[in-house]
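Engineer: Please read through the structure below; I'll follow up with questions.
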Amino acid sequence: MKIYNSASRKIEEFVPNHPDILKMYTCGPTVYHFAHIGNLRSYIMEDVLEKYLRFSGYNVKRVMNITDVGHLTSDADEGEDKMLKGAKREHKSVMEIARFYTDAFFSDCAKLNIKTPDVVEPATNCIDDYIKIITKLMDTGYAYFAGGNVYFDTSKLERYYIFNDFNEDDLAVGVREGVEEDTNKRNKNDFVLWFTKSKFEDQALKWESPWGTGYPGWHIECSGISMKHLGDDLDIHCGGIDNAFPHHTNEIAQSESYLGHKWCNYWMHVYHLNTNDGKMSKSSGEFLTVSLLVEKGYDPLAYRLFCLQSHYRKSLVFNWENLDNAMKTYGKLIGRVASLIPKNEPIDEEAISALRLRFDNALGNDLNTSLAVTALYDVLKYDTNDDTKLKAIADFDSVLGLDLIKKAEAKRENDKKQAAVAGEFTIISEDGTMDPQIEAKIRDRQNAKKAKDFATADAIRNELKEAGIELTDIPHGVKWKKV
Ligand SMILES: [Zn+2]
């Protein structure tokens with residue numbers, strides 16, 4: 001597989017460090033609020049990556065953190081700690097808030113067919129791991145104590161700016177209006193590893209440490225949790241593009257200074273979901289959640305399809321019209337899969353390999369999900385039997401996660417029931433199109449058959465055949481296709 005590596009800014013051949021395990025790490029959510037569908041875009045695309053790696057035969061171990069203790073990005077954070085703010089808003093304890101929104105996050109993920117990572121670790125479970133790393137960073141001179149906090153000293157590094165394409169001035173917090181610079185810092189990009197004196201004085205969760213009672217900085221969580229479960233190296237680290245700087249840059253700085261060698265080989269960043277007028281999570285309109293989509297009558301998997309239709313390294317514009325279109329496409333796709341009837345015919349292995357090659361060419365090339373969806377349509381159009389098509393679709397959908405087989409079965413059953421109730425029979429076309437003229441002819445033929453006028457029935461069938469329309473009788477109806 002080839003993948004774009006944000007660290008080298010090149011598309012590279014993906015080669016894991018170990019033959020028996022592929023180590024994957026994902027930055028998890030800060031659990032103080034419901035997840036925004038813009039953030040869930042990242043998790044959908046990372047889910048496709050994980051599933052495709054498994055599909056390709058890798059033994060993936062994926063780890064994700066849950067940020068349940070103070071999420072402080074930079075000096076620019078204002079007011080209150082996010083977790084504490086959530087707790088006050090809802091008159092609950094910080095841990096109750098964390099538990100509630102962790103459950104809500106995984107419930108949203110389940111609705112979007114996002115697999116839960118093999119290890120999900122709340123940040124509050126690993127305090128000793130952070131203390132161990134920070135202690136060594138202090139001993140080796142990469143960290144210093146000032147004003148009650150422990151800071152990472154970015155001036156000790158040969159190279160700090162890993163992901164950003166910004167110039168150094170743009171990163172200086174002091175030049176941005178309304179940001180109070182932390183005067184304890186030796187260098188403007190230094191960041192906190194351990195707080196005992198935070199500007200958020202009423203932090204609810206605190207632990208003992210060699211530097212006093214306090215709590216960890218946000219960045220150290222991911223390094224600590226990754227090393228705890230995946231050891232001293234990492235094959236691929238994923239996250240939203242907004243995490244690239246400073247979060248991932250700081251993860252690299254502290255991890256490699258601690259380990260004394262390279263830590264992670266590939267970095268995958270998913271771009272933003274935007275509205276027509278800017279970054280979505282900052283927009284003033286409705287706060288978009290999976291529950292809101294469901295409330296408005298959308299299938300969450302139509303949103304998943306919407307995300308798959310564009311490349312993860314492009315910003316995606318969300319509006320309701322785009323989601324409506326995705327809903328229509330999704331409904332039609334299910335209709336087409338439902339028109340395939342399993343008949344226990346032998347699987348055409350040659351067709352499977354040819355189709356699989358198209359699918360691999362799409363996802364193996366920097367996770368081109370929109371081409372992978374096209375490969376799904378190629379299956380529907382391919383000249384082979386329905387059993388083979390259904391097998392290929394089930395295989396591909398184990399990666400794409402659109403529940404096509406399950407939903408098609410449900411549709412077939414539902415159509416049958418409706419036809420039985422109405423005493424009617426269904427007419428479906430293989431490509432999902434509707435044609436009133438053809439349907440009228442098929443009904444005439446059905447009426448002739450009912451009246452035992454088989455000569456007329458056969459004549460209609462032949463007439464359609466000459467016009468390039470082929471009919472197949474199915475239970476409670478007829479399926480037609482253009483040949
Ligand atoms: Zn992280």
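Engineer: Whole Å is fine, so just give me how far the alpha carbon centre of segment 98-159 lies from that of segment 426-449.
Structural biologist: About 61 Å separates the Cα centre of segment 98-159 from the one of segment 426-449.
Engineer: Moving on. Around T140, under 15 Å between beta carbons, what's the net of Lys plus Arg minus Asp minus Glu among the other residues?
Structural biologist: Value of the local net charge: -1.
Engineer: In addition: Round to the nearest 10 and give me the degree value, 0 to 90, for the angle of helix 386-400's Cα axis relative to the longest principal axis of the chain.
Structural biologist: Computed tilt is about 10 degrees.
Engineer: Which ordering of K391, K88 is given by a fewest-first count of other beta-carbon atoms within 10 Å?
Structural biologist: Fewest-to-most ranking of K391, K88: K88, K391.
Engineer: So what is the calculated 222 nm ellipticity per residue for the chain, using -39500 (n - 2.57) for each DSSP H run with n of 4 or more, over all residues, to the nearest 500 deg cm²/dmol?
Structural biologist: -14000 deg cm²/dmol
Engineer: Given H placed on each backbone N at 1.01 Å, which residues far from D153 in sequence or on other chains put an amide H within less than 5 Å of it?
Structural biologist: Counting only residues 5 or more places away or on other chains, the set is A143, Y144.
Engineer: Residue-wise, which Karplus ³J(HN,Hα) couplings in Hz belong to segment 379-385, taking 6.51 cos²θ - 1.76 cosθ + 1.60, θ = phi - 60°, and x for glycine or proline?
Structural biologist: Using θ = phi - 60°, the values come out as 4, 4, 8, 5, 7, 7, 6 Hz.
Engineer: Still on this structure, I have one more. Could you work out the relative contact order of the chain? I mean the mean sequence separation of Cα pairs under 8 Å and 6+ apart, divided by the number of residues, in percent.
Structural biologist: 16 percent.
Engineer: Turning to a different aspect of this structure: Quick one: grab the alpha carbon gyration tensor of the chain, order the square roots of its eigenvalues as a ≥ b ≥ c, and give me rounded if a/c is under 1.5, else prolate or oblate depending on whether a/b is larger than b/c.
Structural biologist: Prolate, since a/c reaches 1.5 and a/b exceeds b/c.
Engineer: Rounding to the nearest 10 and keeping the result within 0 to 90°, find how far the Cα-based axis of helix 436-450 lies from the longest principal axis of the chain.
Structural biologist: Rounded to the nearest ten degrees, it is 50.
Engineer: Further question: Order of E90, E345 from fewest to most other C-beta atoms within 10 Å?
Structural biologist: Ranking E90, E345 by Cβ neighbours within 10 Å, fewest first, gives E345, E90.
Engineer: Spelling out what I want: for every residue of segment 22-36, take phi, set θ = phi - 60°, compute 6.51 cos²θ - 1.76 cosθ + 1.60 (Karplus), and round to whole Hz; glycine and proline get x.
Structural biologist: Coupling constants for segment 22-36: 10, 9, 10, 10, 10, 5, x, x, 8, 9, 10, 7, 5, 6, 7 Hz.
Engineer: Another question, if that's okay. Karplus couplings for segment 468-473 from phi (6.51 cos²θ - 1.76 cosθ + 1.60, θ = phi - 60°), rounded to Hz, Gly and Pro as x?
Structural biologist: x, 10, 10, 9, 10, 6
Engineer: Could you tell me which of rounded, prolate or oblate describes segment 2-270, using a ≥ b ≥ c as the square roots of the eigenvalues of the alpha-carbon gyration tensor, with rounded for a/c under 1.5 and, failing that, prolate when a/b is larger than b/c and oblate otherwise?
Structural biologist: The shape class here is oblate.
Engineer: Still on this structure, I have one more. Tally Lys/Arg at +1 and Asp/Glu at -1 over every other residue whose Cβ is under 12 Å from the Cβ of K416; what's the total?
Structural biologist: So the environment of K416 carries a net charge of -1.
Engineer: Also, quick follow-up: What residues have an amide H closer than 5 Å to that of F14, excluding those fewer than 5 places away on the same chain, when H is modeled at 1.01 Å from N in the peptide plane?
Structural biologist: K2, I3
Engineer: Arranged by the count of other C-beta atoms within 10 angstrom, fewest first, what order do V373, V483 take?
Structural biologist: Ranking V373, V483 by Cβ neighbours within 10 Å, fewest first, gives V483, V373.
Engineer: Using modelled backbone amide H atoms (1.01 Å from N, in-plane), which distant-in-sequence or interchain residues come within less than 5 Å of I66's amide H?
Structural biologist: E121, A123
Rule-based calculations on the coordinates, nothing more; no lab input. Since we're looking at a predicted model, the values are computed, not measured. Ideal geometry is used to build each Cβ from the backbone, glycine not excepted, and the neighbour counts take in all protein chains shown.
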